[in-house]
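Beneath this line is the structure, given in structure tokens, with notes to follow.
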Amino acid sequence: MDTFQAIIVAIVEGLTEFLPISSTAHMKFIQPLLGVANAPFVNMYEVVIQLAAILAVVVLYWKKFFDFKRVGFYTKLIIAVIPALISGFFLKKYIEAALGNLTFIACVMVAGGIILLFIDKVFTTPTIDSEEKVSNKTAFIIGCGQVLSILFPGLSRSAATIITGMSQKLTRSAAAEFSFFLAVPTMLAASAKSFWDTYKENPEVIGKDNLTTLLIGSVVAFIVALLAIKFFISFLKKYGFRIWGVYRIIAGLTMLFLIWKGIVQ
């Protein structure tokens with residue numbers, strides 16, 4: 001992966017991380033189109049730049065993350081991240097296999113798109129409009145919803161947690177914000193594990209050139225994500241999920257076509 005390829009992948013990650021369209025699916029398909037071969041560093045790069053994008057949440061919501069008097073906020077995030085940590089630990093081999101199955105990812109993209117076409121009409125009576133009103137039980141349920149995105153790559157972590165939040169009476173914007181908050185500890189843990197596993201199995205990968213590439217990609221993903229978050233919240237309040245469902249179906253079918261033609265393997 002050269003610097004140009006790294007920047008393009010980072011831009012795609014920053015744009016898609018907080019949208020319900022699966023950043024993983026987009027990165028998995030854009031890389032072969034760019035000529036990026038599957039390799040230990042590339043796999044680590046995918047995870048770490050997701051953390052960089054998600055750190056944009058910490059910047060935009062810094063008052064929440066650094067108000068240490070609000071113990072309840074941290075408690076809810078810890079409770080919510082536990083299901084993902086457990087599933088990630090016990091299902092590592094399955095997750096790696098699923099991430100390598102592009103046909104499966106593309107099919108999940110289409111299925112998730114169909115769900116988003118109707119989701120706005122399903123949850124129409126929200127009563128929770130802020131994180132402060134989210135109970136520990138609700139936080140745990142949202143965390144369980146996040147596990148679905150681990151079991152089904154291409155579903156979108158954002159989509160899974162937002163929809164689960166809406167099923168628990170959160171408004172669209174409140175569900176989206178809690179999804180953003182939960183992303184921070186989730187991707188922090190995933191990035192630390194990916195970095196350590198890569199170093200342990202392929203220590204030569206953590207070299208100066210690769211670290212420079214990783215730093216550049218992280219900065220790009222972070223900056224792009226800052227813009228994407230603000231856009232998504234305002235767009236979601238106004239238009240809902242239907243347009244993202246249409247996009248997912250088109251993108252998923254395009255991915256299946258590229259696989260069928262052998263353009264992406």
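The values are calculated or read from the model by the stated rules, or taken from the named source; none is laboratory data. For clarity, every value in this text was computed on a predicted model and none was experimentally measured. Every residue, glycine as well, gets a Cβ built from its backbone with ideal geometry; the counts of neighbours run over all protein chains shown.
Name the residues in the range 51-91 that are of a type outside the set (G, A, S) and within 17 Å of the chain's Cα centre (by Cα), would you? Passing the criteria: L51, I54, L55, V57, V58, L77, V81, I82, P83, L85. The condition of being within 30 Å of W260 (Cα to Cα), modelled with pLDDT under 95 and part of a helix (DSSP H, G or I) holds for F118. Of all residues in the range 37-88, those satisfying the criterion of being in contact (Cβ under 8 Å) with a residue 40 or more places away in the chain, assigned to a helix (DSSP H, G or I) and aromatic (F, W, Y) are F41, Y45, F65, F73.
Here M1 passes the criteria (1) assigned to a helix (DSSP H, G or I); (2) touching a residue at least 24 places away in the same chain (Cβ under 8 Å); (3) surrounded by 17 or more Cβ atoms within 10 Å (Cβ to Cβ); (4) of a type in the set (A, V, I, L, M, F, W, C) except the one numbered (1). The helices (runs of 4 or more DSSP H) falling completely within the range 154-265 that include 2 or more residues that are free of Cβ contacts under 8 Å to residues at least 24 places away in the same chain and not hydrophobic (A, V, I, L, M, F, W, C) map to 157-167, 172-201, 208-239. For the range 34-47, taking the residues that are of a type in the set (A, V, I, L, M) and over 15 Å from P185 (Cβ atoms), the one that is surrounded by the fewest Cβ atoms within 10 Å (Cβ to Cβ) is identified as A37. When the range 237-255 is filtered for residues that are of a type in the set (F, W, Y) and exposed (fewer than 15 other Cβ atoms within 10 Å of the Cβ), only Y239 remains.
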